[in-house]
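Single-structure report; data block below.
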Amino acid sequence: MATLMELDVEGSTREELMDGVLHEMWKFNQTYQLGNIEASAEEKLPVWYILDEFGSRVQHSHDPSFRMVPFFYIPTQMSFTLLWPIKSLEQGDEVTRDYVENVHDELLRKIRLLPWEPADLTDISANQTEPEEAFFTSSRRNETLPDHERLEPIPTIGGGNKLKVFANYIYVKDYLKDSRFEIVENQEEADILWLNNHFKDYKTFSEDSPRKFINQFPYESVITIKDFLAIVCRRDQLEGELGIGVVSMDTLPRWLPTTYNLTTELPQFVSYFQQRESNKNTYNK
């Protein structure tokens, strides 16, 4: 691997070579994803790989002469890389490919080519803004909103009154021991429904059961999806205070780790990263 990446094998220790490979591998890493099969979320995660010596030597061009794509052959459960020309060539012409094909936005192409073509992007604002409502509703199109005019005051606890809980979630049944609650086996008599299926018809629920609560934590996107959670947490800041410290580069609120959505906020993230290059940058996916 060190030789493939043209590192100084003879004059380096094993530890130095390992550090060198980890630093340079981003110029060689490739991924593919099995998206057209029935599989678990884990099985659909991207597979990372590095091409052999020949494939790794094919250089980038904005006007490529070849295409190179991964091909997974199901009968043998093996992956291959297919290479074919996309223009007429003469003997001796260079084999090139587009490292970021299918990315047409000029800025995004520039960002995705940073490992090979360094560029200063610190002039881009790293500040984050609240997304439009469609950003949140795009993953909840099958759900209806409750009718708030039909909702009634919540039941009070105390004076011998207990909130009755119906749950098909085993841990709630096993560990909800607080004397203010009572586990019941009938949804109709429950004040709180703790379900492990994705409930969607909130409008009908608010009309038929205006005094009841329903838990949606396993499917509550604003909590269980990381970028949604970060957006909701950023609302903790007072209006006008959301931003980044000019000197410290601390994002607000201070208790929330710096979080960027690399699909929708990639330019801001790269700008933020470059502005903090004097510090040690460590980010988790």
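The values are calculated or read from the model by the stated rules, or taken from the named source; none is laboratory data. Since we're looking at a predicted model, the values are computed, not measured. Every residue, glycine among them, receives a Cβ derived from its backbone with ideal geometry; neighbour counts consider all protein chains shown. Ligands, DNA and RNA are stripped out before the accessible areas are found, and what is left, the full protein with its side chains, is counted by its heavy atoms. Shrake-Rupley method; radii C 1.70, N 1.55, O 1.52, S 1.80 Å.
Data overview
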quantity: Candidate lysines - alpha carbon under 27 Å from Lys44, same-chain residues fewer than 8 apart omitted; calculated: Lys27, Lys200, Lys226, Lys285
quantity: Estimated FRET transfer efficiency (Asn102, Asn161; beta-carbon r; R0 51 Å; 0.05); calculated: 0.25
quantity: Cα-only radius of gyration and Dmax that characterise the range 166-210, units Å; calculated: 11.6, 31
quantity: Mean projected area (nm²) of the alpha-carbon convex hull when the chain is viewed from all directions; calculated: 24.9 nm²
quantity: Accessible area per residue, Å², the chain with all protein chains present, probe 1.4 Å; calculated: 71 Å²
quantity: Farthest positive-ward along the chain dipole, Cα basis, beta-carbon charges - from Pro267, Ser221, Trp48; calculated: Ser221
quantity: Those lysines that a straight Cα-Cα span of less than 21 Å connects to Lys173, excepting residues fewer than 8 apart in one chain; calculated: Lys162, Lys164, Lys212
quantity: Alpha-carbon centroid distance for the pair the range 68-120 / the range 1-65, whole angstrom; calculated: 13 Å
quantity: Per-selection Kirkwood Rh - the range 1-80 (Cα, Å, 1 d.p.); calculated: 15.1 Å
quantity: Accessible area in the full protein assembly, largest first, 1.4 Å probe, for Ile124, Ile86, Ile231; calculated: Ile86, Ile124, Ile231
quantity: The range 83-131: C-alpha pair distances exceeding 12 Å, %; calculated: 75 percent
quantity: Percent breakdown of C-alpha pair distances by 5 Å bin, ordered from the shortest bin, for the range 33-142; calculated: 2, 8, 12, 14, 16, 16, 13, 10, 6, 2, 1, 0
quantity: Hits among aspartates and glutamates - C-alpha to C-alpha of Lys203 under 18 Å, sequence gap 8 or more where chains match; calculated: Glu143, Asp147, Glu149, Glu152, Glu188, Asp191, Glu220
quantity: Selection from Ala119, Ala190, Leu7 lying farthest towards where the dipole of the chain points positive, charges on Cβ; calculated: Ala190
quantity: Carbon/sulfur fraction of accessible area - the chain, other protein chains in place, 1.4 Å, %; calculated: 52 percent
